[in-house]
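Report on the structure given below.
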Amino acid sequence: IEPIHVIGGGLAGSEATWQIAQAGVPVVLHEMRPVRGTDAHKTEGLAELVCSNSFRSDDAETNAVGLLHQEMRSLGSLIMAKGDANQVPAGGALAVDRDGFSDAVTAALESHPLVTIERGEIAGLPPAEWSSVIVATGPLTSPALAEAILGLTGETSLAFFDAIAPIVYRESINMEIAWFQSRYDKVGPGGTGKDYINCPMTKEQYDAFVDALIAGDKTEFKEWEADTPYFDGCLPIEVMAERGRETLRHGPMKPVGLTDPRNPDKKPYAIVQLRQDNALGTLFNMVGFQTKLKYGAQGDIFRMIPGLENAEFARLGGIHRNTYLNSPKLLDPTLRLKAMPRLRFAGQITGCEGYVESAAVGLMTGRFAAAERLGRPIEPLPHTTALGALINHITGGHIETIDEGPRSFQPMNVNFGLFPPLAQAPKAEDGKRLRGPAKAVARKKALTDRARADLAAWLSAG
Ligand code: FAD
């Protein structure tokens, strides 16, 4: 069988490669690292996590990304298998040891008999003789390839920034002030209910900190970057501070669900949380503290946080570009480029957002390409599943209105808003109408139950 070519060995490309090989089709994976690097990657490993080490919630009953985890596991996902095998404690989230995870993905692909890995940049349109190609080059697609794609699609891709949260050496945190506790003592996979390090602040300390964030030296925007929107859900901490004095206290620094053991009767005014970043437990990342502050300013300002006064940083925060297609217009329902159907796209370049979503789109694109190569029919996934809802959002679920303008398609995490509404609102056991939080939980449970049933039916039909 003629091989399928996958360009980019990140979250999406690694998963797509695995799915193709597992379907019995030979596949060549082209990864440019270490021959050529990106602004964010630090290693030559496949599926490198460039920022947080979290795959987010693992709750498949009431959380859309948790449901996506579950669906991917049931479709034999390599990314989920190796994520599960390398998890570190993180409350209700699935967080992973980033090096162990990337090493395991790399080893699995290197040892697969149908996978060939070639290190080198594809610096333009893939050769015409490659009859089936998946482009999974991510938010930091090399400029030469990005330009070739732009030339082909005629669309301008949207570039914007996200930001890396700083990582602190555990031993440099003052545990006389800070304490271990997960919010609401939640115990997640491999967790203990004491997975996060918490640093408390008084009102005076919080006010001084917010002032310092606002006044701190920031990285300047370049002219061509000026109207670029931020990566949603990853807003720089100083931008949140600028939005209002209380914004941080209601966001990443919210003091709820946590009790200072040295001061159980006095609620801290704000709390900074740090999450374990590696299996050894020697590194912790500052949750929600992605930033475009200059390196010098970051050290000074973050050491104002009680407990971090002597913090040593293994990595400071940074800013990065993102590249993605206007997919609803450009891609067909099996993620083929309408203008050149031998090319499929996968991962963040399609306009999904996040590690898990990128891998999920890689999983489906790989399956679509393999089915096509084998001459098997391609059954679309029900939009009621998390995978189907995500693919549908990317390839057609987003409707452009005249008011929104031609580029209203924005990257999106998986969420229940992408799922078709329930035919009937769930009712209480006694048949009465549910209200408030109970109603919201029942709705989410009904959506995930429906997704599981529909995925099972799709799997047994295929
Ligand atoms: P990537 O994982 O980036 O993989 C693309 C691969 O393609 C890379 O290995 C690259 O070297 C290679 N490549 C690029 N061009 C070429 C070429 N021409 N030829 C050959 N190879 C090429 N998501 C989260 O869920 N949590 C986060 O905390 C988070 N933080 C982020 C921080 C930054 C700085 C960035 C840029 C993104 C972040 N994301 C985050 C978003 C996104 O989910 C990840 O970038 C994710 O890795 C995307 O997966 P991907 O497979 O599409 O791309």
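For the range 417-462, applying the loop criterion from DSSP together with a ceiling of 13 other beta carbons within 10 Å to the trypsin sites (Lys or Arg not before Pro) yields LYS432, ARG435.
Counting heavy atoms of the protein chains alone, HIS30 has an accessible area of about 10 Å² for a 1.4 Å probe. The distance from the alpha carbon centre of the range 201-215 to that of the range 322-357 is 42 Å, rounded to a whole number. Rolling a 1.4 Å probe over the protein chains gives ARG36 an accessible area of about 100 Å². Three semi-axes describe the equivalent ellipsoid of the range 309-349; taken as square roots of 5 times the Cα gyration tensor eigenvalues and ordered largest first, they are 39, 9, 8 Å.
Looking at the chain, the accessible area is 42 square angstrom per residue; that uses a 1.4 Å probe and ignores ligands, DNA and RNA. Helix 11-22 axis versus longest C-alpha principal axis of the chain: approximately 40°, rounded to the nearest ten.
Taking square-rooted eigenvalues a ≥ b ≥ c of the alpha carbon gyration tensor, is the range 271-350 rounded, prolate or oblate, where a/c under 1.5 means rounded and, failing that, a/b exceeding b/c means prolate? Note, shape of the range 271-350 comes out prolate. Axis of helix 98-110 versus longest Cα principal axis of the chain: the two differ by about 10°, to the nearest ten degrees. Measuring nothing but protein heavy atoms, the accessible surface of the chain at 1.4 Å probe radius is 54 percent carbon and sulfur.
Here's how it looks for ALA270: its modeled amide H is under 5 Å from those of MET201, which are all 5 or more places away or on a different chain. More than 43 Å apart: what percent of Cα pairs in the chain qualify? Taking all Cα-Cα pairs of the chain, the fraction more than 43 Å apart is 15 percent. Over every Cα atom in the range 61-212, the radius of gyration and the widest Cα-Cα span, Dmax, amount to 21.7, 66 Å. Per-residue surface analysis assigns GLU372 an accessible area of about 70 Å², computed on protein heavy atoms at 1.4 Å probe radius. Rg and Dmax over the alpha-carbon atoms of the range 1-120 stand at 14.6, 46 Å.
The values are calculated or read from the model by the stated rules, or taken from the named source; none is laboratory data. Small disclaimer: the values here were computed from a predicted structure and weren't measured. Here the Cβ is made from the backbone with ideal geometry for all residues, glycine too, and neighbour counts use every protein chain on show. The area values use the complete protein model at the heavy-atom level, side chains included, leaving out ligands, DNA and RNA. Shrake-Rupley method; radii C 1.70, N 1.55, O 1.52, S 1.80 Å.
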